[in-house]
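One structure is given here, and the rest of the page talks about it.
The values are calculated or read from the model by the stated rules, or taken from the named source; none is laboratory data. Everything numeric in this text was worked out from a predicted model, so none of it was measured. Reconstructed Cβ throughout: ideal geometry from the backbone, glycine too, with neighbour counts over all protein chains shown.
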Amino acid sequence: MKELNSHEALQTIRKNERLLALYLYTPMCGTCQVAGRMIEIVENLPQPFVFAKANLNYMADFATEYAIESVPCLLLFKDGVEVDRIYAFQSVPFLYEALKKVA
């Protein structure tokens, strides 16, 4: 999973023709660490998404622009447009099903 900064994240979202799952986190967030492990598992399952992650400590402008309420957060983009966001990472099967719905 590629780590993005604010400029790269915005470019990727706007130019990416594939499905994009952008994982937003902060390093000191314990829940984010658990969510990150769950996303790594989902990333290795058969699905069409490109995965990227971004540390919101360095992306305040991005967090404001997208009205991010809390971390962890998973933004799902289709053709550069946000189609879903997930704050409650309930389980690996839950995340996998959420991706399948968007795809």
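Quick notes
- Hits in region 68-103 - residues which are within 13 Å of Leu10 (Cα to Cα), hydrophobic (A, V, I, L, M, F, W, C) and loosely packed, with under 14 Cβ neighbours inside 10 Å: Val81
- Residue in region 60-69 that is β-branched (Val, Ile, Thr) and without any contact (Cβ under 8 Å) to a residue 12 or more places away in the chain present: yes
- Those residues of region 68-85 which are part of a loop (DSSP other than H, G, I, E, B) and of a type in the set (Val, Ile, Thr), in sequence order: Ile68, Val71
- Among the residues here, Phe94 does not qualify as modelled with pLDDT under 95, more than 14 Å from Tyr25 (Cβ to Cβ) and of a type in the set (Phe, Trp, Tyr).
- Scanning region 60-92 for residues that are under 13 Å from Ala35 (Cβ atoms) and small (Gly, Ala, Ser) turns up Ser70, Ala88, Ser91.
- Of all residues in region 16-67 being β-branched (Val, Ile, Thr), buried (at least 16 other Cβ atoms within 10 Å of the Cβ) and in a helix (DSSP H, G or I), the one that is nearest to the chain's Cα centre (by Cα): Ile39
- Test for Val42: is it under 21 Å from Lys101 (Cα atoms) and in contact (Cβ under 8 Å) with a residue 12 or more places away in the chain: yes
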